[in-house]
Amino acid sequence: MLNYNGTLIEKETFQLQSNNRGFAYGDSLFETIRVIDGQVRFLEDHYFRLMASMRMIRMQIPMSFTFDYLTTQIAALLDTTDRASILKVKCTVYRNEGGLYAPTSNDVSFVLEAIKGEVTLKEHYEIDLFKDHYVCSGLLSTLKSSNRLLNVLSSIFADENDLDNCLLINEKKQVVEASNANIFLVKGTKISTPELLGGCIKGIARKKIIEMLEKSDVYTIEECAISPFEIMKADEVFLSNAVMGIQSVTKYRKKQFSTAVGKELSHQFAALKE
């Protein structure tokens, strides 16, 4: 089942038109929301990120599209299936059809899809740089839009080279993020992550981890520009996204990393309520 603009429909009956702006121009946004034991996680954070992103790209937010409305619509979708089997809900919002690059309307439609699956973190996780193309630094790159061609290409590169993931860099040759996750570097008790102006996705897991570390009596957190060379100097590297949580990296080129801090924070992250 899908929830299309508040109406539950069979997935097979949903037809994407060729003039759909998300399909034709990448004129859409999405949120991937973790579901654990039938319970939606961090929904308020996802909602406010979506609202801020819609405002940034000048989509018209319907007055009815409140947090309570989204909560109700996701619940209605989850009630059509075995909640415990759902891994995540994907919420896609796109500008309605009409126009070419210049839209004739800023009104929007949305689709909610419940996706089954499970998360398995790896004990051995190898990464490398993807240098064929660059992320553009700036706030537009922080949005979760459907224009993810760079992430697709870097994921193909990782698969072709027997890697678990790739790191993306911007035009300033700064590390931005991984193909599907934010990145954190550990050096002693200092933990750093790329700054948003560098072009990294404004991840919900990233936000929660930063908040968690700001309250820590052990670690300090810094958002800053990070060069590829700093990865080689790090004691640990870990990745994060809302679905997998925290994945420790064990190898980058010839550098082997420990994983103690990443695993410790992974347990703390999993225990967060909101």
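Structure note, pairs 88/254; 215/273; 131/233; 173/255; 90/202; 11/207: Cα-Cα distances above 23 angstrom occur for 88/254; 11/207. Beta bridges assigned by DSSP with both partners in the stretch 112-231 are antiparallel in approximately 40 percent of cases.
The sum of -39500 (n - 2.57) across all DSSP H runs of n ≥ 4, divided by the residue count of the chain, sets its helix-only mean residue ellipticity at 222 nm to -8000 deg cm²/dmol. Per residue, the chain exposes 51 Å² of accessible surface when a 1.4 Å probe is rolled over the protein heavy atoms with every protein chain present. Rounded to the nearest 10 degrees, the inclination of helix 43-56 to the longest alpha-carbon principal axis of the chain is 80 degrees.
Between the listed residues 119, 168, 3, the Cα displaced farthest toward the positive end of the dipole of the chain, a dipole computed from Cβ unit charges relative to the Cα centre, is found at 168. Using r as the Cβ-Cβ distance of residue 258 and residue 120, and R0 as 30 Å, what FRET efficiency do you calculate, to the nearest 0.05? Once the sixth-power term is evaluated, E becomes 0.90.
Taking Rh as the Kirkwood radius, which is the inverse of the mean 1/r over Cα pairs, what is the Rg/Rh value for the stretch 81-129? If you can, show how the numbers build up before the last one.
Working: Rg = 18.3 Å, Rh = 14.7 Å.
Radius of gyration over Kirkwood radius for the stretch 81-129 works out to 1.25.
With a cut-off of 9 Å between beta carbons, the residues surrounding residue 184 carry a summed charge of 0, where Lys and Arg count +1 and Asp and Glu -1.
For the stretch 158-274, just say rounded, prolate or oblate: build the C-alpha gyration tensor, square-root its eigenvalues into a ≥ b ≥ c, call rounded for a/c under 1.5, and beyond that prolate if a/b exceeds b/c, oblate if not. Before the final figure, lay out each step's value.
Working: a/c = 1.37, a/b = 1.31, b/c = 1.05.
Here the stretch 158-274 falls in the rounded category.
Full extension of the chain segment joining residue 81 with residue 172 gains 28.1 nm, where the gain is 0.36 nm per residue of separation less the Cα-Cα distance.
Averaging the Cα positions of each part gives two centres, and for the stretch 122-179 and the stretch 76-115 these lie 25 Å apart. Spin-label pair residue 162-residue 140: with each label point 7 Å from Cα along the Cα-Cβ axis, the two points sit 4.0 nm from one another.
Carbon-plus-sulfur accessible fraction, the stretch 175-214 (probe radius 1.4 Å, protein heavy atoms only): 55%. A Förster radius of 25 Å combined with the Cβ-Cβ distance from residue 19 to residue 147 puts the calculated FRET efficiency at roughly 0.90. If the chain linking residue 268 and residue 233 were pulled fully straight, counting 0.36 nm for each residue of separation and taking away their Cα-Cα distance, it would gain 10.1 nm.
Show me the ranking of peptides 133-145, 55-67, 83-95, 222-234 by mean Cβ neighbours inside 10 Å, starting with the highest.
On the way: 133-145: 17.0, 55-67: 13.0, 83-95: 18.6, 222-234: 15.3.
Going by the mean number of other Cβ atoms within 10 Å, highest first, we get 83-95, 133-145, 222-234, 55-67.
Does the stretch 161-203 classify as rounded, prolate or oblate by the C-alpha gyration tensor (a ≥ b ≥ c root eigenvalues; a/c under 1.5 gives rounded; else a/b over b/c gives prolate, otherwise oblate)? Display every interim value, and only then the final one.
Values: a/c = 1.71, a/b = 1.14, b/c = 1.50.
Oblate, because a/c is 1.5 or more while a/b does not exceed b/c.
Shape class of the stretch 61-171 from the Cα gyration tensor (axes a ≥ b ≥ c, square roots of the eigenvalues): oblate, since a/c reaches 1.5 or more and a/b does not exceed b/c. Using Stokes-Einstein with the Kirkwood hydrodynamic radius over Cα pairs, what translational diffusion coefficient do you get for the chain at 25 °C and a viscosity of 0.890 mPa s, in µm²/s rounded to a whole number? Estimated via Stokes-Einstein, D reaches 125 µm²/s.
Scaling against 2.2 N^0.38 Å puts the C-alpha radius of gyration of the stretch 85-233 at 1.19.
The values are calculated or read from the model by the stated rules, or taken from the named source; none is laboratory data. It should be emphasised that the depicted structure is a prediction, and the values quoted were computed from it without experimental measurement. As a convention, Cβ positions derive from the backbone with ideal geometry for all residues, glycine included, and neighbour counts pool all protein chains shown. Please note that ligands, DNA and RNA were not included when accessible areas were found on the heavy atoms of the full protein model with its side chains. Shrake-Rupley method; radii C 1.70, N 1.55, O 1.52, S 1.80 Å.
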